[in-house]
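Written out below as structure tokens is the structure these notes cover.
The values are calculated or read from the model by the stated rules, or taken from the named source; none is laboratory data. Model, not experiment: these values are computed from the prediction. All Cβ positions, even for glycine, are placed from backbone atoms using ideal geometry, and neighbour counts span all protein chains on display.
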Amino acid sequence: MKRNTRVTIFTLTLLIYFSFIVLAQVQASPSVATYDTSDNPQNEFGLGDTVRIKAYSAANSYNLFIFDSDGDLNKTIGPITTHVYLDDHTDITGKLGTWTIFLLDSEWSFRVGQYHVIPVVPLGTLGIIGICFAGLSLAKVRQKK
């Protein structure tokens, strides 16, 4: 009899443990996020970049509302009738600033910016060449004296 009790308690403990694992893996509802085209989470994009939107909701039907940096409604996606939404958008990075995506009572912001890279290698090379010429001219001036 003791053996049956131990097996029953062990089995119930395992069931409770695995039910907690399953509950911990359930996505929060609703959720929305932005990614680049390589599926890396990202919230900063350049002008004209492609934004991959992933959204999840337990609701049977929902809409995504995308507002631009001025607060104007730029795009409405929906009604979406699946629990998971995934699509690429190239038309939501046309204006600089912070954009917002609303999904039911959840919101997600991403920035669109213009990023200028300073050409470090060419400028550094020119600087070093300039210093070399300056040093060479000083050496020649000292030789003449």
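Quick notes on this structure:
- Segment 89-106, subset in contact with a Phe, Trp or Tyr (Cβ under 9 Å, 6 or more places away or on another chain) and of a type outside the set (S, T, N, Q), residue modelled with the lowest pLDDT: 104
- Among the residues of segment 62-78, just one is part of a strand (DSSP E or B) and among the small types (Gly, Ala, Ser), namely 78.
Conditions tested, residue by residue: (1) at pLDDT below 90; (2) more than 15 Å from residue 104 (Cβ to Cβ); (3) not charged (D, E, K, R).
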| site | (1), (2), (3) |
| --- | --- |
| 43 | yes, yes, yes |
| 53 | no, no, yes |
| 60 | yes, no, yes |
| 75 | no, yes, no |
| 87 | no, yes, no |
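- Matching residues in segment 30-61 - criterion: being under 17 Å from residue 98 (Cβ atoms), within 9 Å of the chain's Cα centre (by Cα) and not in a strand (DSSP E or B): 42, 43
- Residues of segment 79-94 include at least one that is outside any loop (DSSP other than H, G, I, E, B) and charged (D, E, K, R).
Matching residues to (1) surrounded by fewer than 13 Cβ atoms within 10 Å (Cβ to Cβ); (2) aliphatic (A, V, I, L, M):
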residue	(1), (2)
102	no, no
109	yes, no
112	no, yes
136	yes, yes
